[in-house]
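Q: Submitted below is the structure of interest, expressed as structure tokens.
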Amino acid sequence: MTRTKILFMAEAVTLAHIGRPLSLAQGLDEDAYDVHFACADGYDFCFRQAALRRWRIDSIPSQQFLQALAKGKPVYTESTLLQYVADDLRLLDTVQPDLVIGDFRLSLSVSARLQRIPYMTVSNAYWSPHVRQHYTVPSLPLTSVLPIWLANPLFRLIRPLAFASHAVPLNRVRRHHGLPSLGSDLRRTYTDADRTLYADIPQLFAPQAMPPTHDYLGAVIWAPPLELPDWWQRAELSSGRPIIYVTLGSSGQGQLLPRVLRALAPLPVTVLAATAGTIRVDAVPPNAFVAPFLPGDAAARRASLVICNGGSPTSQQALTAGVPVIGIAGNLDQFLNMHGIVGAGAGLLLRADRFQETALRHAATRMLDDAQARLAARQLAAAFQACPPAPRLLANIRALLAPAPHGGQP
């Protein structure tokens, strides 16, 4: 039997955009699927246990991506996306996949269509045009000069114009290649595909008139295959004190980690902290254990509370373990994700640009004592368990590749 050839293409601007599609790729049956994976250099450690064919593509540097987010500027220029499309076309022509699955590889909105290859994208539901969102001003230059009470309504006023400006580069590239514009809503730019899968659950982000080509995938949990630090099994970690897992991630406010550790130092807790390799912690408090990377899923299962940047990868590791979350959010993606969690009663949202150690210490104390938050987190864990990503991905692959009633692709 001929195996279906699937090419995953990851935009390597954060580790999450590598780990999520890699987790999905590794979940496919090798007897039925010939799986290929393309991403930029620098992530070899992620593939130590991955038996799939790898290909190289370019991505903008992570720092460039994060700086654009911090300034509220469009992430990609027209020239960058034109080059992406050219690179995509060469790879698609070489691999000749039956299906391409992208994770934030926005150029596939053009290149997959030009090659007439079925295209599926993995995104988050809070970026969907079919999910209602509450917008709070993220950490921007605006918030450094204005109080939040004034910056918030101003941001909500200019947000549609900002989204439109962010959508311009891809729309220009589409027109250059004879494809129609996606309009001025950035959410369409982020979710355009033949089939769009959201790595979320409807209990956190409820759908509104969502078309049948959009579906919820559930939590895609992934942790890099790394050796555990030598302190992982030490007696202090089973002493009965609550454990707090802390990571601000590769796209978080890494410079805040020493202040987070100081904030938690007076509390009767044990802290497990991961730096994501982005910051050096010179003074580690007596109640903390620090490593560059930790298996976030295992750390969350040991924890009573998870403190992160509010992004979906770590917060989902926490919630699938039934553990509440404090999100110290900076960019809009993190604020949008945390709004869903806070609305479900399973977390608290703090601003990275207004960070105070005393506020975090009080928030952590409150959450450790909050039975309602623990109950909400356990209820979300059950909802995530009822929405496993592997079978949902398979069902969507089959639906997308199923012959149309009169032959050919649907």
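Q: If packing is taken as the average count of other Cβ atoms within 10 Å, what order do 134-141, 104-111 fall into, highest mean first?
A: Ranked from most to least packed, the peptides come out as 104-111, 134-141.
Q: Which value at 222 nm does the chain reach when only helices count, each DSSP H run of 4 or more adding -39,500 (n - 2.57), with the total divided by all residues and rounded to the nearest 500 deg cm²/dmol?
A: Taken over the chain, the calculation gives -12000 deg cm²/dmol.
Q: Would you mind pulling out the separation of the Cα centroids of region 306-325 and region 65-123, in Å?
A: Between the Cα centre of region 306-325 and that of region 65-123, the gap is 28 Å.
Q: Give me C387, C46, C39, C308 ranked fewest to most by other Cβ atoms within 10 Å of their Cβ, as a rough exposure proxy.
A: C387, C46, C39, C308
Q: Students often check this: by mean Cβ neighbours within 10 Å, which of 321-330, 9-18, 87-96, 162-171 ranks highest, and how do the rest follow?
A: 321-330, 9-18, 162-171, 87-96
Q: Kindly state, to the nearest 0.05, the FRET efficiency for Q379 paired with R175, given R0 = 41 Å and r defined as their beta-carbon distance.
A: 0.30
Q: Further question: Please list 339-345, 364-370 highest first by mean number of surrounding beta-carbon atoms within 10 Å per residue.
A: So the order, starting with the most tightly packed, is 339-345, 364-370.
Q: Kindly state, to the nearest 0.05, the FRET efficiency for A402 paired with A70, given R0 = 60 Å and r defined as their beta-carbon distance.
A: That gives a FRET efficiency of 0.90.
Q: Candidates [x] 0.99; [y] 1.20; [z] 0.96; which is the computed Rg/Rh (Cα atoms, Kirkwood Rh)?
A: Looking at Rg/Rh (Cα atoms, Kirkwood Rh) for this model, the match is [z].
Q: For a distance above 25 Å, tell me the whole-number percent of Cα pairs in region 235-385 that qualify.
A: 17
All of the numbers you see were taken from the coordinates with simple rules; none came from a lab. Everything numeric in this text was worked out from a predicted model, so none of it was measured. Heads up, the Cβs are rebuilt from the backbone with ideal geometry, glycines too, and the neighbour counts pull from every protein chain shown.
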